[in-house]
Amino acid sequence: MTPNPTVFATLLLVSLAVFAWGCWKRLSLISLGAPENRFDNIGTRFGEMLLYAFGQKRVVAKPFGINHFIIFWSFLILMVANTEFILNGLLPHTIKLIRLPFELYVPLAFMIDIASLLALIAVTVAAVRRLVAPPYPEARTLEAFVILGLIAVLMLASFTLNASELAAIMLKSHADPESFLRAARKIMPVAGLLAGQLPLPQLEVIHTAAWWAHALALLAFICYLPNSKHMHILTAIPNCFFRRLEKPNTVPREEFSAGATFGVDRVDHYSWKDLLDSFSCTECGRCQNVCPASITGKPLNPRAVIHDIKINLLENGSALKKGGAPGSPLIGEKGEGSVSEESIWSCTTCGACMEACPVFIEQMPKIIQLRRHLVETEAKFPEELLNLFENMEGRSNPWGIAPSERTKWCSQLDVKPFDGETMEYLFYVGCAGSFDSRNKHVSVAMAQLLDKAGISWGILGKDEKCCGDSVRRLGNEFVFDKIAKENVALFKERGVKKVVTQCPHCFSTLKNDYRQYGLELEVIHHSELLRNLVQDGTLVLNKTAEGMGTTVFHDSCYLGRHNDVYDAPREVIAAATGAAPAEMERSRNNAFCCGAGGGRMWMEEHVGERINLTRVNEALEQKPDTICVACPYCMTMFEDGLKDVKADNVQVRDVAEVMAEAVLR
Amino acid sequence: MLIVVCIKQVPDTTQVQIDPVTNTLVRDGIPFIVNPYDTHALEEALRLKDRFGCRVAAISMGPPNAEGTLKKALALGVDHAILLSDRVFGGADTLATSNVLAAAISKLHAEVDEVALVLCGKQTIDGDTAQVGPGIASRLDYRQLTLVDKIISLDFAGKKIRVSRKLEGRHEVVEAPLPAMLTVVRELNRPRYPKVQMRLEAAEAVVEVWNNKVLGLDEQKIGLKGSPTWVSKIFSPERDKGEIIGDGYADPAGTAALLIDKLMAKDMLPL
């Protein structure tokens, strides 16, 4: 009743060859990518890999992730059983788990049996979920059902196999069937139960059928694995190991020398890690389910971007390996393997996709690389951006207002130019704080609060330049590079060490992006500074800011997700109003973008529902009197959105304005 | 076939202030830009280059630092960039300027290629005279087509051009033989954005400088000496009307009421 080892060995060899070929084909494609160092801090990387890959920390962050956790760990346990199965197929009667010492065999057999049961339940639940309520409509792919089906067949076959073996031992030992089966059920509950149900005369046929069913399913799985999205079994663990240890809120600098290429328009211009990302995606769809562009009906889908990179790599890989040019474009009209320009421009760089991805795929930087190509190499971008780019380069602000007007907001105040010798903080007002008529009120509130707290501070005044956030996220790295170099030189010349900003975009750019230019500043967002000043008693509250009524707080992406500042603004609001702000359904690291990040502030939104309206309606569900923000862009988006939905009774206030209400009035 | 675009470096006028004592523009620290109308002339020349494969030369009269303006033109794709710079060109009015520019165009015509078109912005944003383009056409005896908002047809072989002119409240379609001088308005096109590669090349490029030794013009016809125009005074017009009332942010309703009262008091709200 044992299978033929020669036939099995032949099939196994063929399968392993297919497996190796598939792995080699794909992994050798990864080596086409540009170099990038992801080998620093090996210890930390190893720890993170244990936590996120083996601990599945991000997977289980969503309820259904527990199902995946079960499949993942069952799979690891069943590796033992499958190794035994293969070895036993090659050398029958030689290698069997049952030959292990009894004390070792019993727990192992028990674990395997239970793991198989859990895996079977989990794949059934996964299949039902995909049929009834898929994570996204396109998730009902044949590929997904083939994989789930294969796993189910493996489990069912292994139960039958183990049961038939138990029954065979029972027959051979002439033991009392009742007591034998009772003992067997204690070791292998499922197989033991099944063993009692098997028709004993056909035992050999059943055993052989189960064995081959298991063998063929296993070999099919091995063959299919590297040629499907299920390859993530092999790539997701290293992907967690090689993840960007710092938050991917910036993109690497570009060198501007003649003959260089700018951005990415062919897959091999991405780094090897970007290409590894594309093979690590198992298309769970969590990114698209949090993407403000996808949700509101824009053509961007972060999952599809990663998928298209993979398909493009597979299509062009052999040509690229030979040093040839790719046959199908990476940036092109809709279709598998190409990312459309429309989708590239839809990204708000909110980072929700990267926050949601269980295996740390970096979608946003890849989109910015595509933008860089469009802007820098092709000079092709939505027409609204032409003025923005020229204004930024010519007058260092998005509106093209004369730099001499930068100080108009403080014409009624006694604000001093920053002096590095005598002053602690540079208040980097930012373009919105300097020029936007609504946001100037925030600058004034902030200035008065700083004075009230007795902080020594100053501004750069007419010399202040834009930080360059929008142009960088829009892929105009050339102009960003100029702005950044000018700012870094200016900050060094003025002896700037500590900076407070009221705009999360300035905050993140000064703090993170300028480090690439060798400038290490202590940058603090005004919400953090105000929180600190209240906590240490420097800022004394006169009264409760009652005028705010019920508040709800909206997280800015560049403050929260990109820089992990979640509590400070909430604590400022709580201190000033005496009550913690209400939370929206999506808040903190799961917050929904206002729609203005990534340069979208300066672009029209023609397709789908408006992102800011979606968010405004979500905020209004909390029935607030005041929507609190900590970002000038969010403020504009909310004020516009409230006008659109005619919610005249709801006001938008920056956290500094809320604090000013309690301290100054 | 050569198209010549005349461009000028101008101070960014949104940032210009006038010195109340000397009545001159305070130019210290004011960034320079390419005269906005000229960018549309440049764009149209480059579009014609894309369509017909003709060559484009950009010329500019100005101080040595006007080189930056010509480098911008190179980054956008012009084939030749020539700076007309000499101390004796300084202080020129529109007549003297058009003498220098016309001489340079003649030289290009003689030495580089037959000039079919000269494109200029309708006026500069610093002088606002709109005279230099027509001045060039007069000196060169070219047909002048001013305020062009569309080139309807262009036939290099048949030496004919047909354009639409944007006049007050109407458009005028006119045809003229080549060579012709066009001054253009902003509606003509949307200027392109330079590609980084071309910017890098332009930054390295050497802009050819022609001084008066090269052009050999009579010094009585150029610069201050060749300029019959006298500027007696430049001033910002006084703002004798208008005031800011109330605080529309803190009290929108109250401010609106205040405005209505004011308008009614001046009898400006017919009720």
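A single member of A:V429, A:V375 is facing another protein chain (nearest Cβ under 10 Å), of a type in the set (A, V, I, L, M) and crowded, with 23+ Cβ neighbours inside 10 Å, and it is A:V375. Put simply, of A:L314, A:L300 the only residue that is farther than 26 Å from A:R615 by Cα, more than 14 Å from chain B (Cβ to nearest Cβ), in contact (Cβ under 8 Å) with a residue 12 or more places away in the chain and of a type in the set (A, V, I, L, M, F, W, C) is A:L314.
Restricting attention to the range A:46-70, the residues that are small (G, A, S), touching a residue at least 12 places away in the same chain (Cβ under 8 Å) and over 14 Å from A:R286 (Cβ atoms) total 1. When the range A:437-486 is limited to residues that are surrounded by 21 or more Cβ atoms within 10 Å (Cβ to Cβ) and among the acidic types (D, E), the one that is nearest to the other protein chains (Cβ to nearest Cβ) turns out to be A:E477. Each residue in the range A:484-507 was checked for being under 26 Å from A:C350 (Cβ atoms) and either not hydrophobic (A, V, I, L, M, F, W, C) or not assigned by TED's automatic domain parsing to the domain that holds A:T422 (or both), and 5 of them qualify. Restricting B:K233, B:K225, B:K195 to residues that are modelled with pLDDT under 90 and more than 22 Å from the chain's Cα centre (by Cα) narrows the list to B:K233. Identify the residue in the range B:184-195 that is away from chain A (no Cβ under 14 Å) and touching a Phe, Trp or Tyr at 6+ places or on another chain (Cβ under 8 Å) and, among all such residues, is farthest from B:H109 (Cα to Cα). Per the stated criteria, the residue is B:V185. Scanning the range A:398-416 for residues that are crowded, with 22+ Cβ neighbours inside 10 Å and either closer than 27 Å to A:H606 by Cβ or assigned by TED's automatic domain parsing to the domain that holds A:G351 (or both) yields one hit, A:P398. Restricting to the range A:378-411, and then to whatever is of a type outside the set (D, E, K, R) and free of Cβ contacts under 8 Å to residues at least 12 places away in the same chain, can you tell me which residue is farthest from the other protein chains (Cβ to nearest Cβ)? Among those that are of a type outside the set (D, E, K, R) and free of Cβ contacts under 8 Å to residues at least 12 places away in the same chain, it is A:S411. Checked against (1) free of Cβ contacts under 8 Å to residues at least 40 places away in the same chain; (2) exposed (fewer than 13 other Cβ atoms within 10 Å of the Cβ); (3) touching a Ser or Thr at 6+ places or on another chain (Cβ under 8 Å), A:H93 passes all but a single condition, namely (1). Every test in (1) over 27 Å from the mean Cα position of the chain (by Cα); (2) surrounded by fewer than 16 Cβ atoms within 10 Å (Cβ to Cβ) is passed by A:V18 save one, and that test is (2). Condition check for A:A352 on (1) more than 14 Å from chain B (Cβ to nearest Cβ); (2) closer than 24 Å to A:P326 by Cα: one failure, at (2). Taking the range B:130-192 and the strands (runs of 3 or more DSSP E) fully enclosed by it, the elements with 2 or more residues that are in contact (Cβ under 8 Å) with a residue 60 or more places away in the chain and crowded, with 18+ Cβ neighbours inside 10 Å are at B:143-155, B:180-184.
Looking at B:V10, B:V56, B:V34, B:V21, just one residue is at pLDDT 95 or above and either away from chain A (no Cβ under 13 Å) or within 14 Å of the chain's Cα centre (by Cα) (or both), and that residue is B:V56.
If only residues of the range A:234-257 that are touching a residue at least 40 places away in the same chain (Cβ under 8 Å) and within 14 Å of another protein chain (Cβ to nearest Cβ) are counted, the one that is farthest from A:K366 (Cα to Cα) is A:F256.
A:G263 meets each of the listed conditions (1) at pLDDT 90 or above; (2) within 14 Å of chain B (Cβ to nearest Cβ); (3) surrounded by fewer than 18 Cβ atoms within 10 Å (Cβ to Cβ) apart from (3). Of the residues examined, A:S328 is not one that is at negative phi and at pLDDT 95 or above.
The values are calculated or read from the model by the stated rules, or taken from the named source; none is laboratory data. Every value quoted in this text rests on a predicted model; they were computed, and no experiment measured them. Neighbour counts are summed over all protein chains in view; Cβ atoms, including those assigned to glycine, are modelled from backbone coordinates with ideal geometry.
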